[in-house]
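So the structure is just underneath, and the comments pick up after that.
The values are calculated or read from the model by the stated rules, or taken from the named source; none is laboratory data. Everything numeric here is computed off the predicted structure, so don't read it as measured data. FYI the Cβ positions are ideal-geometry reconstructions off the backbone, even for glycines, and counts take in every protein chain you see. For the accessible areas, the whole protein counts, side chains as well, though only heavy atoms, and no ligand, DNA or RNA atoms are used. Shrake-Rupley method; radii C 1.70, N 1.55, O 1.52, S 1.80 Å.
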Amino acid sequence: MIESDIKAKLSFSDGTPDIDLPIYKGTVGPEVIDIRKLYGQTGKFTYDPGFLSTASCSSKITFIDGDKGELLYRGYPIQDLAGKCDFLEICYLLLKGKLPNQTEKSGFEELVMHHTMVHEQMQFFLRGFRRDAHPMAVLTGLVGAMAAFYHDQIDYSEPMARHIAQIRLIAKMPTLVAMSYKYSIGQPFIYPDNSLSYTANFMRMMFATPCEPYKINPVLVKALDRIFILHADHEQNASTSTVRLCGSSGTNPFAAISAGIACLWGPAHGGANEACLDMLTNIQNNGGVEKIGEFIAQVKDKNSGVRLMGFGHRVYKNFDPRAKLMRETCYEVLNELGLENDPLFKLAMTLEKIALEDEYFVGRKLYPNVDFYSGIVQRALGIPTDMFTCVFALARTVGWIAQWEEMITDAEYKIGRPRQLFIGETERIVPAVAERK
Ligand code: CMC
């Protein structure tokens, strides 16, 4: 239990007596007012749709300073981690709170890479889906089904059961994502090659066929690894909060992660990279750079319902630090592939420049977020648009599972149960059918 001598005094104009609420200071970031006793002492709830001012938990994993444009995983700045570590080191860091030394790094790689294969029956389950289904719908189903395929552990109050589930999820997500892609295009599944790095293995499972050898391109592997690192965790966003809320009932972790994937799919969250690329393609197909002015005018018109996808963030009111790194990667990948003059990339750069100088965006502190660039990189790597969010889900799985573990082991852990401001009908009498209007 966090202790505090600092209090907030809450006064009411309806005669309810004043109450003192403790204020807690984190190691960094805004202080919080503990309102847990509010209902018991006053009979009142707080009202905060969209959680604009609500901390739903305490956490030691990821910190974001939205005004500074800062993102820390376990205290390390994202730009340093992206420059010095690979994705599995980040997984270790998020799960265990420390960067692995050489022995720990090798041990962890070996552990994860020996769990990459999925139950053979999984492919028959997958074959039950329509081939033209959205891959996020398929992935939600596949990960949920892991609860049925890996039911040897069922008591998740046991640390070892949780550890096994964590490793299985991190190890098998690339296999499941690649299988859903191969199924959608009618190609044979490619089994994992555990001698490769985590990310190179994923690329091979996505793009190799049994007919010819697959050449690993280290520049492209590094770019995808960076996408994984930048998407690995982002504190209490919608999908992570979904995993925590779902997992708080004590449900199976595969089911909780599947709920997170379902939440991530939405265009306001992980689906933004797909929506952003669709937006760019649309502008490109309807006049290109010439039409940017018209498009921006539409975005600024509140009645149009059009948003500049890949711009804006609930927390970042400055440049998203992940966007800066993704932009760098964008240049590296396009250079490597000889696509420097890619029309979509040029269009994105022009759109970005115009938006960053426009009072509408400046005044509202709307900057490009990571998804403004990640779609361009993924497209250049050969990943189809509708698979973008699956790649995000693969990367975010470690964040979700680290947050789930933190919640289960928190001494203050309780099932999540929000309350409401009820504005519907009060009690009514049920009339007989003949009397109903
Ligand atoms: N285009 C145009 N206007 C925007 C945009 C945008 N992309 N984003 C916000 N606004 C405007 C919004 O209309 C509002 O204006 P006003 O104050 O005049 O009513 C103001 O900015 C504040 O917007 P909001 O909707 O209250 O902000 P929010 O914090 O609820 O929404 C957001 C954050 C990410 C959902 C939103 O910025 C958005 O829809 N962006 C586009 C989708 C996107 O790129 N999402 C990816 C987020 S990063 C990846 C991830 O972490 O999942």
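Return a yes/no flag: does segment 349-357 have any residue that is small (Gly, Ala, Ser), farther than 27 Å from Ile227 by Cα, without any contact (Cβ under 8 Å) to a residue 60 or more places away in the chain and within 16 Å of the ligand (Cβ to nearest atom).
So far as segment 349-357 goes, no, none of its residues is small (Gly, Ala, Ser), farther than 27 Å from Ile227 by Cα, without any contact (Cβ under 8 Å) to a residue 60 or more places away in the chain and within 16 Å of the ligand (Cβ to nearest atom).
Can you tell me which residue among Gly270, Gly247, Gly260 is at pLDDT below 95, within 30 Å of Gly29 (Cβ to Cβ) and out of contact with any Gly (no Cβ under 8 Å at 6 or more places or on another chain)?
Matching residue, one of Gly270, Gly247, Gly260: Gly270.
For the subset of segment 235-249 comprising residues that are away from the ligand (no atom under 15 Å from the Cβ) and open to solvent by 50 Å² or more (accessible area, probe 1.4 Å), which member is farthest from Gly382 (Cα to Cα)?
Out of the qualifying residues, it is Ser249.
Only one of these is assigned to a helix (DSSP H, G or I), away from the ligand (no atom under 12 Å from the Cβ) and farther than 23 Å from His134 by Cβ: Glu340, Glu290. Name it.
Answer to the check: Glu290.
I'm checking my understanding of the structure. Among residues of segment 22-53 that are among the acidic types (Asp, Glu) and farther than 13 Å from Arg419 by Cα, which one is most open to solvent (accessible area, probe 1.4 Å)?
Glu31
Quick one: in segment 27-59, which of the residues that are more than 27 Å from the chain's Cα centre (by Cα) and in a loop (DSSP other than H, G, I, E, B) is nearest to Ala238 (Cα to Cα)?
Only one residue tops the list, namely Thr46.
If I go through segment 61-88 residue by residue, how many of them are away from the ligand (no atom under 16 Å from the Cβ), assigned to a loop (DSSP other than H, G, I, E, B) and over 16 Å from Pro30 (Cβ atoms)?
4
Would you confirm whether any residue within segment 198-207 is more than 11 Å from the ligand (Cβ to nearest atom) and among the basic types (Lys, Arg)?
Yes, there is a match, as at least one residue in segment 198-207 is more than 11 Å from the ligand (Cβ to nearest atom) and among the basic types (Lys, Arg).
Based on what the data block shows, is Phe125 aromatic (Phe, Trp, Tyr) and under 25 Å from the mean Cα position of the chain (by Cα)?
Here the answer is no, as Phe125 does not meet what is asked.
Please find, among Phe422, Phe361, Phe388, the residue that is open to solvent by less than 10 Å² (accessible area, probe 1.4 Å), more than 30 Å from Thr175 (Cα to Cα) and among the hydrophobic types (A, V, I, L, M, F, W, C).
After ruling out the rest, the residue left standing is Phe361.
Could you please tell me which pairs satisfy a Cβ distance under 9 Å, a separation of 6+ or placement on different chains, a first residue in segment 24-53 that is on the phi > 0 side of the Ramachandran plot, and a second residue that is polar (S, T, N, Q) and surrounded by 13 or more Cβ atoms within 10 Å (Cβ to Cβ)?
Cβ pairs passing all conditions: Gly43/Thr16; Phe51/Gln236; Phe51/Ser241.
Can you tell me which residue within segment 154-189, out of those that are open to solvent by 50 Å² or more (accessible area, probe 1.4 Å) and polar (S, T, N, Q), is farthest from the chain's Cα centre (by Cα)?
Residue satisfying both the conditions and the ranking: Gln187.
Of the residues Cys57, Cys91, Cys85, which is open to solvent by 30 Å² or more (accessible area, probe 1.4 Å) and either of a type in the set (A, V, I, L, M, F, W, C) or over 28 Å from His163 (Cα atoms) (or both)?
One residue alone meets the criteria, Cys57.
Here is a yes/no grid of residues against (1) near the ligand (Cβ under 9 Å from one of its atoms); (2) over 30 Å from Gly144 (Cβ atoms); (3) not aromatic (Phe, Trp, Tyr):
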| site | (1), (2), (3) |
| --- | --- |
| Ser258 | no, no, yes |
| Arg314 | yes, no, yes |
| Asp320 | yes, yes, yes |
| Arg327 | no, yes, yes |
| Glu332 | no, yes, yes |
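Within segment 358-373, how many residues are of a type in the set (Phe, Trp, Tyr) and more than 9 Å from the ligand (Cβ to nearest atom)?
The number of residues fulfilling the criteria is 2.
Restricting segment 110-125 to residues that are touching a residue at least 40 places away in the same chain (Cβ under 8 Å) and part of a helix (DSSP H, G or I), which is most open to solvent (accessible area, probe 1.4 Å)?
Among residues in segment 110-125 that are touching a residue at least 40 places away in the same chain (Cβ under 8 Å) and part of a helix (DSSP H, G or I), the one most open to solvent (accessible area, probe 1.4 Å) is Leu111.
With (1) part of a loop (DSSP other than H, G, I, E, B); (2) of a type outside the set (Phe, Trp, Tyr); (3) within 14 Å of the ligand (Cβ to nearest atom) as the list, and Leu230 as the residue in question, which single condition is left unmet?
All conditions are met except number (1).
Quick one: in segment 265-285, which of the residues that are open to solvent by 70 Å² or more (accessible area, probe 1.4 Å) and in contact with a helix residue (DSSP H, G or I) (Cβ under 9 Å, 6 or more places away or on another chain) is nearest to the ligand (Cβ to nearest atom)?
Applying the filter and picking the extreme gives Ala268.
In segment 293-337, which residues are of a type in the set (Gly, Ala, Ser) and part of a helix (DSSP H, G or I)?
Of everything in segment 293-337, those that are of a type in the set (Gly, Ala, Ser) and part of a helix (DSSP H, G or I) turn out to be Gly293, Ala297, Ala323.
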